[in-house]
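These notes concern the structure reproduced below.
The values are calculated or read from the model by the stated rules, or taken from the named source; none is laboratory data. Since we're looking at a predicted model, the values are computed, not measured. So basically every Cβ, Gly included, is an ideal-geometry build from the backbone, and we count neighbours across all protein chains shown. Note: areas computed on protein heavy atoms with side chains; ligands, DNA, RNA excluded. Shrake-Rupley method; radii C 1.70, N 1.55, O 1.52, S 1.80 Å.
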Amino acid sequence: MEKEAVSDAICPRCEGRGWEVVKDGGAGTARRCDCFKKGLAGTLLEAARLPRRYAGCRLASFDTRHPNPGVRSQLQKALADSQRYVDGFLREDGTFRSAGLIYVGPPGAGKTHLAAAVLVELIQSYRISGRFADFTSLIHQIQSSFDPKSPESKREVLDPVINAPLLVLDELGSQKPTPWVQDILYLIINTRYNERRPTFFTTNYALDTPRTSARSLDRGADLVPVGEPLSRRIEARLVSRLCEMARPILLDSVSDHRREVKMPSNRI
């Protein structure tokens, strides 16, 4: 039984070497075997450090159910726009897109699910490395690096985030906008902006001035204000860069998808 298990684990095409020889009329051409590519995707996903809750997120599993037709329509559009981005990530000239996405909406709207799903599917489709970083956790990690006993330096914490070919920066604007936090954020965003590295943001804050949501129109309810401006949480020059480096995907009509859809489905 053990021998059969071992033989089944070895790819019959490359015999475990990771390369296969393709006939070309001569000695043959060596190319990477599909088994290597699949293994590489797994390695890259592990290196992306997705939280366990979001590691299994896929666009196909994004829940667009909602009792409000207007909200349901916005969820469906956010999903379609995300899928369109993934499908068009490789451009006709053979290069990857340099602009990313920014998901805007209140807590529980599904922003992180979509951002994580885009990251996972790009890694799987194009074998490109990426990174997931929750901004609050990142700040605490950097602060911890100042401890002389810390195993990581500030640079060792920040470099993988700044230099990742793909990055999800979750909960943008969640930290109190102190000068130190602003400096860290400027370093991350400005460097990635200058290097044209695709970045996927999520934020609970509006990209412009507070406006009203139409989520309750079909119920005959009054309009409700949505979103403190992001410019009150981060510098205006960074908001300006965001507008160029990431396309906004709005989920601002979704009050709390977890509470309205997920919680009822979890009842015993």
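Looking only at the stretch 98-119, count how many residues are over 15 Å from residue 202 (Cα atoms) and in contact with a strand residue (DSSP E or B) (Cβ under 8 Å, 6 or more places away or on another chain).
Here is the first cut: in the stretch 98-119, the ones over 15 Å from residue 202 (Cα atoms) are 98.
Next, only the ones that are in contact with a strand residue (DSSP E or B) (Cβ under 8 Å, 6 or more places away or on another chain) stay: none.
Residues that pass the stated criteria total 0.
If only one of 32, 97 is open to solvent by 40 Å² or more (accessible area, probe 1.4 Å), touching a Pro at 6+ places or on another chain (Cβ under 7 Å) and either modelled with pLDDT of 95 or more or on the phi < 0 side of the Ramachandran plot (or both), which one is it?
Details: 32 fails: touching a Pro at 6+ places or on another chain (Cβ under 7 Å).
Step by step, each of 32, 97 is checked, and only 97 is open to solvent by 40 Å² or more (accessible area, probe 1.4 Å), touching a Pro at 6+ places or on another chain (Cβ under 7 Å) and either modelled with pLDDT of 95 or more or on the phi < 0 side of the Ramachandran plot (or both).
Which of the residues belonging to the stretch 120-154 are modelled with pLDDT of 90 or more, over 20 Å from residue 203 (Cβ atoms) and among the charged types (D, E, K, R)?
Of everything in the stretch 120-154, just one residue is modelled with pLDDT of 90 or more, over 20 Å from residue 203 (Cβ atoms) and among the charged types (D, E, K, R), namely 121.
Go through 91, 17 for me and flag whichever is open to solvent by 80 Å² or more (accessible area, probe 1.4 Å) and either under 23 Å from residue 165 (Cα atoms) or modelled with pLDDT of 90 or more (or both). Don't jump to the end; show me each part of the working.
Values: 17 fails: either under 23 Å from residue 165 (Cα atoms) or modelled with pLDDT of 90 or more (or both).
On inspection, the qualifying residue turns out to be 91.
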